[in-house]
Amino acid sequence: MPLPIAFALAACFAAVYGDVRDRRIPNWLTGSLAVAAVIVHGFSGIRSAAISLAVMTVLTLLGTLVHSRGGIGGGDVKLGIAASGMLSYPLCVPFLLYTMVGGGVLALALILVRGNARNAFSRAVLLTIGGPPAAGSGKTQTMPYAIAFAFGAVLVALSQSVAPFLRIML
């Protein structure tokens, strides 16, 4: 397994532990992964390191926008940035797509388990059209999105090894 995929997988699984346990993804984990991404890709040349940095820069801008709208937590944004930087282009694209699918499945599962489909749907509609988040009981229910990132990392690893049919052609 290529080193960038192994690092991304390990970081995502470590993040799952903290996210499920405390709903926090440690900064040391995401920061270390981002620095390691630049170092690992730096061994392949300045162009590879620059592409990794460009991926992280673009995702920082997009992730900040999504986070500011209440769509995803800050630790999740940082994990997505660092893991995408480690995978770099083009592997970051299927990683993010698989992560979104995993996030959707996770959200549906949590809605069914928690039994709050109406509140979840109204919040999603309001966020989509640009309105304020739906008023709730005062306590926001979150989901451990690191699970979705781990799902994305696992599918990328499988697509690059034993399940090439999972590859997304760009």
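I'd like the chymotrypsin sites (Phe, Trp or Tyr not before Pro) in the range 1-104 restricted to DSSP loop residues with at most 11 other Cβ atoms within 10 Å, sorted by number. For chymotrypsin sites (Phe, Trp or Tyr not before Pro) across the range 1-104 that sit outside H, G, I, E and B with at most 11 neighbouring Cβ atoms in 10 Å, the list reads Phe43.
Computed over protein heavy atoms with a 1.4 Å probe, the accessible surface of the range 1-74 works out to 60 Å² per residue.
For Ala163 and Ala54 in one chain, what is 0.36 nm times their gap in residues minus the Cα-Cα distance, to one decimal in nm?
In short, 36.4 nm is gained.
Distance between the pseudo-spin-label points of Tyr89 and Ile46 (7 Å out from Cα toward the beta carbon): 1.8 nm.
Taking 7 Å steps out from each Cα toward its Cβ at Leu106 and Arg69 produces label points 1.9 nm apart.
The values are calculated or read from the model by the stated rules, or taken from the named source; none is laboratory data. Remember, it's a predicted structure, so these values are computed and weren't measured experimentally. So basically every Cβ, Gly included, is an ideal-geometry build from the backbone, and we count neighbours across all protein chains shown. All accessible areas refer to the heavy atoms of the entire protein, side chains included, with ligands and DNA or RNA removed. Shrake-Rupley method; radii C 1.70, N 1.55, O 1.52, S 1.80 Å.
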